[in-house]
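Student: Before we start, here is the structure in question, set down as structure tokens.
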Amino acid sequence: MASVTGSSPPDEPNWGIAHRILMPAFGPVSIRNMFDGMHDIATQLCMKWARYGPHHPIAVADDFTRLALDTLALCSMGYRFNSYYTTEMHPFIEAMGEFLSESGRRAARPPIPSWFYRNEDAKYFGDIKVLQETAKGVLKARKEANERGETGRKDLLQAMLDGVDPKTGQHMTDDSIIDNLITFLIAGHETTSGMLSFAFYQLLKHPDAYRKAQEEVDSVVGRKKITVEHITKLPYIAADATCFALLAKAHIDPKVYGSDANEFHPERCLDENFNRLPKNSWKPFGNGSRACIGRPFAWQEAILIMAMLLQNFNFVLDDPNYNLRLKQILTIKPHNFQMRAILRDGLTATQLERRLAGEHAPKEAQKSASAADVSVDGSLKKMTILYGSNSGTCESLAQRLASDAPNHGFVAETVDCLDVANGKLPRDQPVIILTASYEGQPPDNAGHFVSWLENVKDDTTLSGVQYAVFGCGHHDWAQTFFRIPKLVDAKLEQAGAERLVQIGLADAADSDMFSNFENWEDEILWPALKKQYDIGDKKGSSQSGTVDAVVTSPRTNGVRQDVKEALVGETRVLTAEGEPAKKHIELKLPSDITYTAGDYLAVLPFNPKESIERAMRRFRLPWDAYITVMTDNKLTVPTNTPISAYEVFSAYVELSQPATKRNILTLAEAAEDTTERDALKTLATSEEGSRASVLDLLENSISSSPLWDPTRVTLTFSVLNAPSTTGSGKHLGVASNYLNSLDRGDKVHVSVRSSHAAFHLPRQPESVPIICVAAGTGLAPFRGFVQERATMCAAGRKLAPALLFFGCREPGRDDLYADELAEWEAAGAVTVARAYSRRPELSGGARHVQDAIALREREFQDLWARGAKLYICGSRAVSRGVRDVCVRMRVEEQRRNGREVSQDEAEKWWEELRNTRYATDVFD
């Protein structure tokens, strides 16, 4: 193709003619005149997302592809693809992808007769025909419009038709125009849609950058219709796009861009900082005669749509655990990246349409000023329930609270993540917030809300909001384990909101979190809400709502959780006979699941067979009974449809979960015998300990690397089979015993969940050393780390040192993966230092991992001085032991340098390094 941006040689005549004719068509004035067309297509996108509603997952890359294709066609060719009015992508898009993919494959074909490829060739030339026919259709439509006298357009296509090469005096031929139309349609939409997709992913993963970008739009544009004059007044939005274009480079030199070169920091791309960069350090659009002539077009389009979207919507990840995965056709785009769009300012879709058209729109949709609006049936008052949750615990508590609400005179109008409330909380109903901390940081679906709240300056911003906060945490995280719930509680009050009750807190490390929540809910929250809103007692308000269950015989398929099926491969025991069982299991993943070393694999387990049969016997149910749970409440069990009783007890309820106070009181009310009823009530108020758990996806650290095999994943786990706390029978860990029961060829339902961003290998393994500390099955993620490093070493890469401290009982008994680690150590991927608790004389006297660190203190400190990243995985005791030895080393080092540092100062230093120099994964 003799296209303006194609691969023709510089002296090719058609290329030169096209280049000289088209360059003026992309001048500043021409691009400015295209703004209205860009705004037209951007409006279509905004209205589509507004009409989806706040709970609909948006396929981001697909819709930005529609945006870029339609914008280019309308603005430069006066042609409408109308992509937002069809469910399928335009045929041009599919043909383009198949054509480009096959072009790459054809170059690698072996030298065999071409008739072997007759089907592929037919598809290939069919795709070319689709591209050509599309371009011919665009050209034909313009020629016919010109013949009808519908002239006046001065765009790219008209320049092709009318332009004269100033050097040769020649016009472009129709074939040359068609070639260039195809090139522009491909290159002009593909890269822009990718840039926008990645930019929004980065903004959603970086709440502070998102907030700054949105605040800039609010300051510059406000609630008015955006105009072309605004485009140059949005430097932070432009920096966001520039920063992504920078990150898209294959290699970014830390010597030029700093130690955080691969991180998303738009500030480095603001004018002052950007101008200090060396020449040629940023060239995403190319340079010279082959540079992209559409750069100003793409830039104006990208800034416009980013500003319009941030002006009118708040966005949240549909899956807060989503981590970037790539899909490549011509360029790379995020694979399966989905987000949700929530209209800002209380707008409806109709009001948004008026705002985008420049008509007067209300500043904010007004609701009734009365406290706690009454629901549709007039009997219940509305409330909002918001949660911040990574593992699902706080989300589960939120759903439980919503289920209980009708028994207390309320109905949950909204149950959603905290990020949907970014920038706005309702004033007409109580707001209940349930959130955790993740090592002192917000959960993934609460970061934007917390960032906004931390930056509220006016103490009247949230005047009229009434709220209550319940926080979950784990005391191993020192002073940070309740940081986020306490911060949210305090910041809401500082911004003028009214606290309804004192914050409730539950420590997962030493208490029954669900019982603590029930106590706070029943004894503090509901009484306060009833008093505040003058609601009388409701029947059964002290316990959860009851449901009716009907046993039937018809067979139907039960509803399953949204996980995917994996195939079990190898399974093996890692420990000697007589030791607590630790096992290795390998799974073949579905083709659309990918992972990174250090991630988690979520497994949907089943209760042990003996527990299921015990429950069936207790309720006198035949093995083929079916149950219909009759209720309008949202439960983990499928409701209002028959489902196998065996499946209910197998997959939907946690039969090993100890009863909460509320469960016991419900049993007491149902008891017919007075003595039994009194005994149950006494038990409900006792202080007996329990191991609380909920039916959820069990998360295990992945113990393999995708560099070993991206289609396979391994887990390393301990089998929980302990005496019951009641003194009767055994407590069988549901998930570990389920995994233990699997054998080669079995199928299991799984999904990958990203670990914290800090708990991954450094992006520069050649220059950044790593130190890993683990005990027992805490070795799992580090096996994946070392396996990945071994693969890199085998490929000839020279890596920075890696030091692994591993604690177990004794050699030959529970020294997990000893042979593999020895092989990888010989390959230079790692150095292993062990601590044997039963045989410390075999590990230089080290009984625990912190002792092994102390024995190799010089080596540890040398790596630390070189910028090593430290990773800790295991029990609280392991984490505390590492902290103690590192704090001691800090005090002694400072003393050697003539500076006295107190214990408190050293511990503060350690906490400030969390998730920057070290990361932890504590599992008890």
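The values are calculated or read from the model by the stated rules, or taken from the named source; none is laboratory data. Everything numeric here is computed off the predicted structure, so don't read it as measured data. Glycine also receives a Cβ, built like all others from the backbone with ideal geometry; neighbour counts cover every protein chain displayed.
Student: Can you tell me which of Cys886, Cys808 is under 24 Å from Glu911 (Cβ atoms), of a type in the set (A, V, I, L, M, F, W, C) and not assigned by the TED database to the domain that holds Thr716?
Tutor: Just a single option satisfies the conditions, and that option is Cys886.
Student: What residue, of Asp345, Asp271, Asp318, is surrounded by fewer than 17 Cβ atoms within 10 Å (Cβ to Cβ) and either at pLDDT 90 or above or more than 19 Å from the chain's Cα centre (by Cα) (or both)?
Tutor: Asp271 is the lone residue from the list that is surrounded by fewer than 17 Cβ atoms within 10 Å (Cβ to Cβ) and either at pLDDT 90 or above or more than 19 Å from the chain's Cα centre (by Cα) (or both).
Student: Under the condition of being assigned to a loop (DSSP other than H, G, I, E, B) and modelled with pLDDT of 85 or more, which residue from region 581-597 is surrounded by the most Cβ atoms within 10 Å (Cβ to Cβ)?
Tutor: Ala597
Student: When region 275-284 is examined, which residues are found to be in contact (Cβ under 8 Å) with a residue 12 or more places away in the chain and within 33 Å of the chain's Cα centre (by Cα)?
Tutor: Listed by number, the residues that qualify are Leu277, Ser281, Trp282, Pro284.
Student: Which pairs have Cβ atoms under 9 Å, sit 6 or more apart or on different chains, and link a residue in region 302-326 that is free of Cβ contacts under 8 Å to residues at least 12 places away in the same chain to one that is surrounded by 20 or more Cβ atoms within 10 Å (Cβ to Cβ) and among the charged types (D, E, K, R)?
Tutor: Final answer for the pair search is Leu326/Lys333.
Student: Examine region 52-66 for a residue that is of a type in the set (Gly, Ala, Ser), outside any helix (DSSP H, G or I) and more than 20 Å from Gly346 (Cα to Cα), and state whether such a residue exists.
Tutor: There is at least one residue in region 52-66 that is of a type in the set (Gly, Ala, Ser), outside any helix (DSSP H, G or I) and more than 20 Å from Gly346 (Cα to Cα).
Student: Of the numbered conditions (1) touching a Cys at 6+ places or on another chain (Cβ under 8 Å); (2) not in a strand (DSSP E or B), Phe860 satisfies every one except a single condition; which is it?
Tutor: The number of the failed condition is (1).
Student: Additional query: Specify which of the listed residues (Leu139, Leu161, Leu131) is without any contact (Cβ under 8 Å) to a residue 24 or more places away in the chain and either farther than 30 Å from Leu317 by Cβ or touching a helix residue (DSSP H, G or I) at 6+ places or on another chain (Cβ under 9 Å) (or both).
Tutor: Leu161
Student: Select from region 857-875 the residues that are surrounded by 15 or more Cβ atoms within 10 Å (Cβ to Cβ) and either among the small types (Gly, Ala, Ser) or not assigned by the TED database to the domain that holds Leu913 (or both) and list them in ascending order.
Tutor: Those that are surrounded by 15 or more Cβ atoms within 10 Å (Cβ to Cβ) and either among the small types (Gly, Ala, Ser) or not assigned by the TED database to the domain that holds Leu913 (or both): Ala868, Gly874, Ser875.
Student: Do any strands (runs of 3 or more DSSP E) lying entirely in region 624-737 carry at least 2 residues that are among the polar types (S, T, N, Q) and either surrounded by 15 or more Cβ atoms within 10 Å (Cβ to Cβ) or modelled with pLDDT of 75 or more (or both), and which ones are they?
Tutor: Result: 698-701, 712-718.
Student: Which residues, counting only those in region 430-458, are assigned to a loop (DSSP other than H, G, I, E, B) and modelled with pLDDT of 95 or more?
Tutor: Pro430
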